[in-house]
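Only one structure is covered here, and it is reproduced in the block below.
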Amino acid sequence: MAGKVTLVGAGPGDPGLLTVKGLWALEQAEVVVYDRLVSPAVLSLIPASAQRIDVGKEASHHPVPQDGINRILLKEARAGRNVVRLKGGDPFVFGRGGEELQVLAAGGVDFEEVPGITSAVAAAAYGGIPVTHRDFASSVHFVTAHARAGTALNIDFEALVRTRGTLVFLMGVTALPVIAEGLLSAGMDPDVPAAMVENGTLPQQRRCLSTLSNLERRAAEMGIRSPALLIVGGVCSLSEELCWFERLPLHGRRILVTRPVDRAGTLSEKLRALGADVVGFPCIRTEAIRPCPAMEEALGRLSAYEWLGFTSAAGVEAFWSCLRDMGKDARALGGVKLAAVGPATGRALTARGLAADLVPEFCDAAHMGAALANVAGGRVLLLRAEEGTPALTNALEAAGIACDDVSVYRTIYNNPRSAELRREIEAGRFDYVTFTSASTVKGLVFAVGPDADFTRITGLCIGEQTAGEAKRHGLFVQVAERAAIDALVELAVKTADGGLCI
Ligand code: SAH
């Protein structure tokens, strides 16, 4: 089959600003050739099955020269592969996208282009600067401040000043003095508002506001570095009023999200939407115990039980596949009632056409035990993790309820040791770490080493049991009001707000 290259604009950094069509293209890709400006959050959307080729360009240092990139694109497409060429922002806005497509056209390779959201508009927007506004500017001009190798900057400053429009310079950090001087010499008002937005749309975004004549000094004080957008014009005066992004409750907070491999990233997404810089660290995975004679035996005499209790979606999965392997289906349950520890476990049941008869008000093992103890008369079968907490069985025992506690899956702490993560934790580079179960605490400790110093990071814990495990390792902890993801997110906001003292 003939290969193809899809040139995709990755947007300015915030993964939410990748277009739907761009995401579709990525999901189909067999090879992804990407640049330095594509953010890690967007790169994480590349399917694991696709080969990644990094041709990233550092300023004035081209690891893979343009010729080399062209050759890679031609070669991969001619080998019949579905190639995505991923570029920061919009590929046709100072992205050499046109040049690359000309090479493909000349080489007889099929191609498509998926425009992206350019940083020239989006970084300004996240900095509270609309590039046009009827009170200030009726045109906007995108200018590159990067000269072709060996040539001087060639900008017609007089023409730009005459437009009276908003001027947006890309690649302008080094050339800022030349640009400011050029505009001033061409007669621009030295007091015209000007701004730089560094790392626009990313959690690390910084903004520097000044006037044209003072911007260079202010940017130097703040140490503004590439990538940054330089914006000159009256619209910059709106920045303070409109800078919604930096006012998000978790802006500027760096949060380590530990979670099981393969669990949907809803927690990360919610924290990110509130402005947090989220670093995902999948530190555990669950593995069904197979074969599992104890479960087979129990499922063989299901009618002996009044209740079947699940404390996680993994338990439901293990149960369901064991039942299937035994040649049975949901009918085997007959009149057995079902208990789920919380909504996520309940959803795992619903997905299999089963409805939980009991979900405790608070989603943890102790509350589930108490709730079951209230309603159960007959025998209870628990299908849960190896090393499940005794809080559940104790509650049942105390109520005199007979119970079989069967381990159906185990937790694997599978992360390679991470010296880098340890250094960052010890250096206080994270504000918080989220823990959604005691095993995620154990997983993190396993990955960075039990002797690591955790005192510079606050653990945001889903419940008391999780918090207990975190405290054992010297973390400061905060505990969510309910054992639910939303409550954990609320806890992050409250802690960041200083509403909770640590
Ligand atoms: N095709 C890209 C621009 C590539 S030129 C686009 O449409 O956005 C590289 C320049 O883009 C950088 O030097 C910087 O000026 C700007 N830029 C890219 N990403 C940026 C970001 N996240 N924040 C601010 N400026 C950015």
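The values are calculated or read from the model by the stated rules, or taken from the named source; none is laboratory data. Please read all numbers here as calculations on a predicted model, not as lab measurements. Here the Cβ positions follow ideal geometry from the backbone for every residue, glycine too, while neighbour counts run over all protein chains shown. We work out accessible area using only protein heavy atoms, side chains counted, and drop any ligands, DNA or RNA first. Shrake-Rupley method; radii C 1.70, N 1.55, O 1.52, S 1.80 Å.
Per the conditions (1) part of a loop (DSSP other than H, G, I, E, B); (2) within 15 Å of the ligand (Cβ to nearest atom); (3) surrounded by fewer than 19 Cβ atoms within 10 Å (Cβ to Cβ), the sole criterion not satisfied by GLY187 is (2).
For the range 126-146, the tally of residues that are of a type in the set (Gly, Ala, Ser) and within 11 Å of the ligand (Cβ to nearest atom) stands at 2.
Could we say that GLY428 is among the small types (Gly, Ala, Ser) and within 23 Å of LEU274 (Cα to Cα) here? In short, yes. Taking first residues from the range 226-255 that are at positive phi and partners that are within 16 Å of the ligand (Cβ to nearest atom) and open to solvent by 40 Å² or more (accessible area, probe 1.4 Å), the Cβ contacts under 8 Å between residues at least 6 apart in sequence or on separate chains come to GLY252/GLU246. Restricting the search to the range 370-390, which residues are open to solvent by less than 10 Å² (accessible area, probe 1.4 Å) and not in a strand (DSSP E or B)? Within the range 370-390, LEU372 is the sole residue that qualifies.
Under 19 Å from ALA273 (Cβ atoms), out of contact with any Lys or Arg (no Cβ under 7 Å at 6 or more places or on another chain) and modelled with pLDDT under 95: does that describe ALA48? No; evaluated as a whole, the condition is false for this residue.
If the condition is being modelled with pLDDT of 95 or more, open to solvent by 30 Å² or more (accessible area, probe 1.4 Å) and more than 18 Å from PRO91 (Cα to Cα), then the range 117-138 contributes ALA125, PRO130, THR132, HIS133, ARG134, ASP135, PHE136. Only one of these is assigned to a strand (DSSP E or B), open to solvent by 30 Å² or more (accessible area, probe 1.4 Å) and under 30 Å from LEU349 (Cβ atoms): THR434, THR411. Name it. THR411 is the lone residue from the list that is assigned to a strand (DSSP E or B), open to solvent by 30 Å² or more (accessible area, probe 1.4 Å) and under 30 Å from LEU349 (Cβ atoms). Restricting to the range 15-38, name every residue that is open to solvent by 40 Å² or more (accessible area, probe 1.4 Å) and either within 12 Å of the ligand (Cβ to nearest atom) or in contact with an Asp or Glu (Cβ under 7 Å, 6 or more places away or on another chain) (or both). Answer for the range 15-38, where residues must be open to solvent by 40 Å² or more (accessible area, probe 1.4 Å) and either within 12 Å of the ligand (Cβ to nearest atom) or in contact with an Asp or Glu (Cβ under 7 Å, 6 or more places away or on another chain) (or both): ARG36, LEU37. Say whether the condition of being more than 28 Å from VAL84 (Cβ to Cβ), polar (S, T, N, Q) and open to solvent by less than 20 Å² (accessible area, probe 1.4 Å) is met by at least one residue in the range 162-180. Looking through the range 162-180, at least one residue is more than 28 Å from VAL84 (Cβ to Cβ), polar (S, T, N, Q) and open to solvent by less than 20 Å² (accessible area, probe 1.4 Å). Selection over the range 214-243 of residues that are in a loop (DSSP other than H, G, I, E, B) and of a type in the set (A, V, I, L, M) gives a count of 1. Summed over the range 65-101, residues that are surrounded by 17 or more Cβ atoms within 10 Å (Cβ to Cβ), within 21 Å of ALA149 (Cα to Cα) and more than 16 Å from the ligand (Cβ to nearest atom) total 1.
Among the residues of this structure, VAL114 counts as one that is within 16 Å of the ligand (Cβ to nearest atom), touching a residue at least 12 places away in the same chain (Cβ under 8 Å), open to solvent by less than 20 Å² (accessible area, probe 1.4 Å) and among the hydrophobic types (A, V, I, L, M, F, W, C). At pLDDT 95 or above, surrounded by fewer than 20 Cβ atoms within 10 Å (Cβ to Cβ), within 27 Å of VAL38 (Cα to Cα) and away from the ligand (no atom under 16 Å from the Cβ): is that true of ALA220 in this structure? Spelling it out, ALA220 is indeed at pLDDT 95 or above, surrounded by fewer than 20 Cβ atoms within 10 Å (Cβ to Cβ), within 27 Å of VAL38 (Cα to Cα) and away from the ligand (no atom under 16 Å from the Cβ).
Let's see how each residue does on (1) within 20 Å of PHE142 (Cβ to Cβ); (2) of a type in the set (Lys, Arg):
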residue: ASP189; (1), (2): no, no
residue: ALA195; (1), (2): yes, no
residue: ARG207; (1), (2): yes, yes
residue: SER210; (1), (2): no, no
residue: GLY234; (1), (2): yes, no
residue: LEU242; (1), (2): no, no
residue: PHE245; (1), (2): no, no
residue: LEU256; (1), (2): no, no
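For GLY327, the conditions (1) crowded, with 18+ Cβ neighbours inside 10 Å; (2) over 29 Å from PHE446 (Cα atoms) all hold with the exception of (1). Can you pull out every residue in the range 143-158 that is out of contact with any strand residue (DSSP E or B) (no Cβ under 9 Å at 6 or more places or on another chain), open to solvent by less than 40 Å² (accessible area, probe 1.4 Å) and among the small types (Gly, Ala, Ser)? If the condition is that a residue be out of contact with any strand residue (DSSP E or B) (no Cβ under 9 Å at 6 or more places or on another chain), open to solvent by less than 40 Å² (accessible area, probe 1.4 Å) and among the small types (Gly, Ala, Ser), then ALA147 is the only one that fits. Taking the condition touching a Leu at 6+ places or on another chain (Cβ under 7 Å), in a strand (DSSP E or B) and of a type in the set (D, E, K, R), does ARG85 pass? So ARG85 fits the description; yes. Within the range 285-315, track down each residue that is free of Cβ contacts under 8 Å to residues at least 60 places away in the same chain and either open to solvent by 50 Å² or more (accessible area, probe 1.4 Å) or closer than 30 Å to VAL441 by Cβ (or both). Hits for the range 285-315 are ARG290, PRO291, PRO293, GLU296, GLU297, GLY300, ARG301, SER303, ALA313.
The set of residues from the range 338-357 being over 16 Å from PHE319 (Cβ atoms) and not in a helix (DSSP H, G or I) comprises just one member, GLY342.
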